[in-house]
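In what follows, a structure is listed as structure tokens, so that the remarks can point back to it.
The values are calculated or read from the model by the stated rules, or taken from the named source; none is laboratory data. All values derive from a computational prediction rather than experimental measurement. No Cβ is skipped: glycine too gets one built from the backbone with ideal geometry, and neighbour counts run over all protein chains shown. All accessible areas refer to the heavy atoms of the entire protein, side chains included, with ligands and DNA or RNA removed. Shrake-Rupley method; radii C 1.70, N 1.55, O 1.52, S 1.80 Å.
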Amino acid sequence: MLNNRKSYPVLNHCIYANTAAYGLLGDELLEWRQNHDLDYLVGGSSMKIESLGLISEARQMVGKFFMCRKDLVALVPNFSLGLNILLEGLDSREHILLLENDYPSVNWPFESRGFEISYTKIDEQLEQNILEKVRNNSITVLALSLVQWINGIRIDLDFLKALKDEFPQLLIIADGTQFCGAFEIDFENSGIDVLGASGYKWLLAGTGNGFMLFKDIAKRRFTIKTTGFNSANAVITAKNTIPFNKHFEPGHLDSLNFGSLKCALEILNDIGMKEIAEHNENLSKKASKGFDELGLLNKDVIHRNLHSTIFNIKGNDALFNHLRKENVVCSRRGEGIRLSFHHYNTVKDIDSILEIIRKIM
């Protein structure tokens, strides 16, 4: 993984612990984007027409990367827009289970549409909390982030699979924005029915691109009315035969943004998602142990066997400013300080942060 750091110049002058906010732009993707726009500069509309094939290639790459049929992949500018389009087609009589204080772009779209909603807590017993609610409250839809944006608590994918086996009619909708690119997932063999993500965080694809993945059950549970000329691939006579996934693409898609997504996934593939996931698991264990020894983590994180590489440590403005002064890039979230690590981070980065914190304690 050390060789990968060379592709990210920002790492030469800081400890970057802020991928949960924005993933880094690497040299290889920058070069691809520059070449793309240069081709547009000299080629005009001819280049843009030829680049339509790039959208199809991006869709195919997303499907291959996450193990989803190409015809069940929708390309969207971001997860939030994709979810809002989706929920316009969901029966208002569904009973939704959400997590308290989950990412606003997960919870707000449900809350604004008048669904019957129940909530469960995000704590060390998250999976058991969900199971009890589903068993006892006639829940028909579970919607959640795979990794929590504030404290980094990560749902057990095996639990979701078992939950789906026990309740096959339960529709599980997941936001993978803080998960996809950091850890492996086989969508087809998961318990998730709808998985969406924005590409600008752990996928390192820049802003303006994302995706929604669907199982066949989603086609039966949603009636999507969003449509446009691009939904029919610019074929006038195809108005009444639009595929399910194309309802999420009513207008033209940007070849720069979705070409960037394709390129970013290829880069992650070249590194190897298995290797990335193993590296990130090691970073998670190292950070968890170090922050716990300093008394900086709450019990909800300490008592769980599974965690992401996002940590919210106890700290005030003085500690946050101290970290920034020492060139640690991080974020204020909730009542603490959020630090997040990706494959371009090292154990040395974490050791350095721990030492910086010790100096002010």
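Roughly how many percent of the accessible protein surface of the range 27-87 is carbon and sulfur, given a 1.4 Å probe and a whole-percent answer? Could you put the intermediate results ahead of the total?
Values: 1800 of 3210 Å².
In the range 27-87, the share of accessible area belonging to carbon and sulfur is 56 percent.
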- For the range 42-190, what is the accessible area per residue in Å², given a 1.4 Å probe and the full set of protein chains? 42 Å²
- Message: Cross-link candidates for LYS285: which lysines have Cα within less than 22 Å, leaving aside residues fewer than 8 places away along the same chain?
- Response: LYS201, LYS274, LYS299, LYS314, LYS348
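Mind pulling the per residue volume of the convex hull built on the Cα atoms of the range 190-348? Å³ is fine.
Numbers: hull volume 27.9 nm³, N = 159.
Spread over its residues, the Cα hull of the range 190-348 gives 176 Å³ apiece.
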- Query: So, with a 1.4 angstrom probe, what is the percent of accessible area on the range 203-361 that is carbon and sulfur?
  - Reply: 49 percent
- Quick numbers on the range 241-332, Rg and Dmax over C-alpha atoms in Å, give 19.8, 60
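Run the dipole for the range 292-361 about the Cα centre, Lys and Arg Cβ at +1, Asp and Glu Cβ at -1, nothing else charged, and hand back the magnitude in debye, nearest 20.
Dipole magnitude for the range 292-361 comes out near 160 debye.
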- Query: Just one of (i) 132; (ii) 287; (iii) 120 is volume of the Cα convex hull per residue in Å³ calculated from these coordinates, so which is it?
  - Reply: (i)
- Message: Output needed: percent of Cα pairs per 5 Å distance bin for the range 293-349, bins running from 0 to the one holding the longest distance.
- Response: 4, 16, 26, 27, 19, 7, 1
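Counting DSSP beta bridges in the range 81-238, what percent are antiparallel, to the nearest 5? It would help to have the intermediate numbers written out before the result.
Details: 7 of 23 bridges.
Around 30 percent antiparallel, to the nearest 5.
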- Item | Share antiparallel - DSSP beta bridges, the chain, percent rounded to 5 | 50 percent
- Label-point separation, ASP186 to VAL42 (7 Å along Cα→Cβ), nm: 4.5 nm
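Please compute the per residue accessible area over the range 213-361 with all protein chains in place, 1.4 Å probe, rounded to a whole number of Å².
Details: 7220 Å² over 149 residues.
Here the per-residue accessible area is 48 Å².
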- Task: Run the 1.4 Å probe and let me know the accessible area of MET61, rounded to the nearest 10 Å².
- Result: 20 Å²
- Note on the structure: Given all pairs of distinct Cα atoms, the range 1-64 yields a Kirkwood Rh in Å of 14.4 Å
- Query: So which DSSP H runs in the chain come out at 20 Å plus along the axis (Cα) with average Kyte-Doolittle of at least 0.0?
  - Reply: 52-66, 255-271
- Message: In whole Å, what are the extents of the range 141-269 along the principal axes defined by its C-alpha atoms, from largest to smallest?
- Response: 46, 35, 25
- Note on the structure: Between ALA234 and MET67, Cβ-based FRET efficiency (R0 30 Å, step 0.05) works out to 0.55
- Output the peptides 302-312, 229-239 sorted from most to least packed, where packing is the average of other Cβ atoms within 10 Å over each peptide's residues. 302-312, 229-239
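Would you mind counting up the charge near PHE244? Only other residues with Cβ under 14 Å from its Cβ, with Lys and Arg at +1 and Asp and Glu at -1. Before the final figure, lay out the partial values.
On the way: positive: ARG59, ARG69, LYS70, LYS215, LYS219, ARG220, ARG221, LYS225, LYS246; negative: ASP71, GLU88, ASP193, ASP216, GLU249.
Once all neighbours under 14 Å are counted, the net charge is +4.
Dipole of the range 73-167, Cα-centred, from +1 at each Lys and Arg C-beta and -1 at each Asp and Glu C-beta, to the nearest 20 debye? Walk me through the intermediate numbers first.
Details: 8 positive and 15 negative charges, 32 e Å.
Here the range 73-167 has a charge dipole of around 160 debye.
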- Query: Under a point-charge model restricted to the Cβ atoms of Lys and Arg (+1) and Asp and Glu (-1), what is the dipole moment magnitude of the range 298-338 relative to its Cα centre, in debye to the nearest 20?
  - Reply: 60 debye
- Query: In square nanometres, what is one fourth of the surface area of the convex hull spanned by the alpha carbons of the range 51-116?
  - Reply: 5.7 nm²
